[in-house]
Amino acid sequence: MSDNQGPVWEIFLQKKAGQPFVHCGSLHAFDKEMALQNARDLYTRRGEGVSIWAVPSNAIVASSPEDIGPFFEPSNDKVYRHPTFYQIPDAIGHM
Amino acid sequence: MELTQFEDVFEGKLAKNEMVEPKDWMPDNYRKHLIRQISQHAHSEIVGMLPEGNWITRAPSLRAKVVLLAKVQDEGGHGLYLYTAAETLGISRDELLDNLHTGKAKYSSIFNYPTLTWADIGAVGWLVDGAAIMNQVMLQRTSYGPYARAMVRICKEESFHQRQGFEIMTHLSFGTADQKAMAQDALNRWWYPTMMMFGPPDAESPNSENAMKWRIKRETNDQLRQKFVNQTVPQVEYLGLTVPDANLKWNEAKKGYDYSEPNWAEFKQVISGNGPCNKERLAARNKAHDDGAWVREAAQAFAKKRKEVYEAA
């Protein structure tokens, strides 16, 4: 069967200026302009965003679910990276 | 890892109410079940545009027309969210569409009924979208991540659909005697087909057991149907209309209404292709797809040419 739907793009939306871009879904488009226009029509029909990133799906590099242990393990034993690890005298109050 | 270890990880996720994501290992039957269910759902959204599209040019006011246009556009969007969710399971868009166009894949039986009057547009929004929402609210917590996320988005948008339908029913029910009769007629024709939307009774539903086991569904067909009746009857009473079911009665013991089952023989006929509009719907879908072929070809040719120019430069 011929593939005549165009490549898949991942769409990220910024809800308001200053906020991070969040993945909202994907779509098919033949080029950048079409990806942006389709994203606008598909994912922002009710003012859900003020800015859009469209990224070709095959350009995304993702970690594997099997990696969950070893890949993220190095951060698990470093409690001293968290502020709650440190004792601040009550007299000091909020720091 | 051994296969049994993969299975343990998968089962563990379900047990902990965690979501399964596209790259996670999953049993083949889970994948197949999801592809079938999500694609049926997507096809239903797309075919569902047809009975309502039928009234866009004949909407009774400009307000009604823009509302209906927005609703039909939403249904198209919902179909696209769902197609991309299905594609994460390893099936292509072309294959999905081909399955719809050849009649290999099914869509909700409800869209094989005709929208004969303007009141039908009210009844479809109120009852059909109401029933769909009941199912979709549950599916927001389905075990497959991309499906659940599509559902969250869809549910947010659907509530306007049901409200606009009920508004139409309100106008007609509190209008002239003829208008009220039109509303009652629409309710009479849409009540049982809507009840069928939840699927066959639990005892006869071939896919239910796996769907519950895998947490794809969290409530059974009969539970959802009961919930729908309980929610809808007071709305019918408000409108001053009558549910076309002589056996409908409040049952204090179960805190719900007793009701008549829809005609399941009719349901089987409609899903096997013999409903009032099956052929028309499929023909309309195929025509729209074929008529749009030149657009896809042109877009593809344009993108190719631009890429060549870009690479040559």
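Using beta carbons and a limit of 7 Å, which pairs, at least six apart or on different chains, have the first residue in region B:288-313 and more than 10 Å from chain A (Cβ to nearest Cβ) and the second one at pLDDT 90 or above?
As it stands, the answer is B:289/B:97; B:289/B:101, since those pairs meet every condition given.
Kindly evaluate residue B:90 against the criterion of being on the phi > 0 side of the Ramachandran plot and small (Gly, Ala, Ser).
On the way: on the phi > 0 side of the Ramachandran plot: yes; small (Gly, Ala, Ser): yes.
Considered against the rule, which asks whether it is on the phi > 0 side of the Ramachandran plot and small (Gly, Ala, Ser), residue B:90 comes out as yes.
Would you point out the residue of region B:21-75, among those that are more than 17 Å from the chain's Cα centre (by Cα), within 14 Å of chain A (Cβ to nearest Cβ) and of a type in the set (D, E, K, R), that is nearest to residue B:276 (Cα to Cα)?
B:21
Given region B:174-239, what helices (runs of 4 or more DSSP H) lie entirely inside it while holding 2 or more residues that are more than 19 Å from the chain's Cα centre (by Cα) and under 18 Å from residue B:262 (Cβ atoms)?
The helices (runs of 4 or more DSSP H) meeting that bar are B:177-196, B:221-239.
Among the residues of region A:30-38, are any at pLDDT 95 or above, facing chain B (nearest Cβ under 9 Å), open to solvent by less than 100 Å² (accessible area, probe 1.4 Å) and within 22 Å of the chain's Cα centre (by Cα)?
Here is the first cut: in region A:30-38, the residues at pLDDT 95 or above are A:35-38.
Cutting the leftovers down to facing chain B (nearest Cβ under 9 Å) gives us A:38.
Retained after the next criterion (residues that are open to solvent by less than 100 Å² (accessible area, probe 1.4 Å)): A:38.
From what is left, the residues that are within 22 Å of the chain's Cα centre (by Cα) are A:38.
So far as region A:30-38 goes, yes, one or more of its residues are at pLDDT 95 or above, facing chain B (nearest Cβ under 9 Å), open to solvent by less than 100 Å² (accessible area, probe 1.4 Å) and within 22 Å of the chain's Cα centre (by Cα).
Restricting attention to region B:108-149, which residues are open to solvent by 10 Å² or more (accessible area, probe 1.4 Å), within 14 Å of chain A (Cβ to nearest Cβ) and touching a helix residue (DSSP H, G or I) at 6+ places or on another chain (Cβ under 7 Å)?
Selection gives B:146 alone.
Condition first: among the hydroxyl-bearing types (Ser, Thr, Tyr) and open to solvent by 20 Å² or more (accessible area, probe 1.4 Å). Now tell me which residues in region B:162-204 satisfy that.
So in region B:162-204, the residues among the hydroxyl-bearing types (Ser, Thr, Tyr) come out as B:170, B:173, B:176, B:192, B:194.
B:170, B:176, B:192, listed by residue number.
Looking only at region A:1-24, how many residues end up being surrounded by 13 or more Cβ atoms within 10 Å (Cβ to Cβ), in contact with a helix residue (DSSP H, G or I) (Cβ under 6 Å, 6 or more places away or on another chain) and within 8 Å of another protein chain (Cβ to nearest Cβ)?
4
Check off (1) outside any loop (DSSP other than H, G, I, E, B); (2) more than 26 Å from residue B:234 (Cα to Cα); (3) without any contact (Cβ under 8 Å) to a residue 24 or more places away in the chain for residue B:104 and give me the number that stays unchecked.
(1)
Just wondering, is there one or more residues in region B:49-56 that are over 26 Å from residue B:194 (Cβ atoms) and surrounded by 15 or more Cβ atoms within 10 Å (Cβ to Cβ)?
First, the residues of region B:49-56 that are over 26 Å from residue B:194 (Cβ atoms): none.
The answer is no, given that none of the residues of region B:49-56 is over 26 Å from residue B:194 (Cβ atoms) and surrounded by 15 or more Cβ atoms within 10 Å (Cβ to Cβ).
The conditions are (1) open to solvent by 50 Å² or more (accessible area, probe 1.4 Å); (2) closer than 25 Å to residue B:294 by Cβ; (3) within 9 Å of chain B (Cβ to nearest Cβ), and residue A:45 fails exactly one of them. Which is it?
(2)
Scan (1) closer than 19 Å to residue B:79 by Cα; (2) open to solvent by 50 Å² or more (accessible area, probe 1.4 Å); (3) not aliphatic (A, V, I, L, M) for the single condition residue A:77 breaks and write down its number.
(1)
For region B:227-258, enumerate the residues that are of a type in the set (Ser, Thr, Tyr) and in contact with an Asp or Glu (Cβ under 6 Å, 6 or more places away or on another chain).
Filtering region B:227-258 for residues of a type in the set (Ser, Thr, Tyr) gives B:232, B:238, B:242, B:257.
Those that are of a type in the set (Ser, Thr, Tyr) and in contact with an Asp or Glu (Cβ under 6 Å, 6 or more places away or on another chain): none in region B:227-258.
Taking region B:217-267 as the region of interest, how many residues are of a type in the set (Gly, Ala, Ser), under 15 Å from residue B:188 (Cα atoms) and open to solvent by less than 90 Å² (accessible area, probe 1.4 Å)? Full working, then the answer.
From region B:217-267, those of a type in the set (Gly, Ala, Ser) are B:240, B:246, B:253, B:256, B:260, B:265; that's our starting set.
Filter once more, so that each one left must be under 15 Å from residue B:188 (Cα atoms): B:240, B:246, B:260.
Next cut, open to solvent by less than 90 Å² (accessible area, probe 1.4 Å) only: B:240, B:260.
Matching residues across region B:217-267 total 2.
Among the residues of region A:48-71, write down those that are more than 11 Å from chain B (Cβ to nearest Cβ) and under 18 Å from the mean Cα position of the chain (by Cα).
Once the filter is applied, which keeps residues that are more than 11 Å from chain B (Cβ to nearest Cβ) and under 18 Å from the mean Cα position of the chain (by Cα), region A:48-71 yields A:49, A:50, A:51, A:52, A:53, A:54, A:55, A:56, A:58, A:59, A:60, A:61.
The values are calculated or read from the model by the stated rules, or taken from the named source; none is laboratory data. Note that the structure is a prediction, hence the values are computed from the model and not measured. Quick reminder, even Gly has a Cβ in these numbers, built from the backbone with ideal geometry, and neighbours come from all protein chains shown. All accessible areas refer to the heavy atoms of the entire protein, side chains included, with ligands and DNA or RNA removed. Shrake-Rupley method; radii C 1.70, N 1.55, O 1.52, S 1.80 Å.
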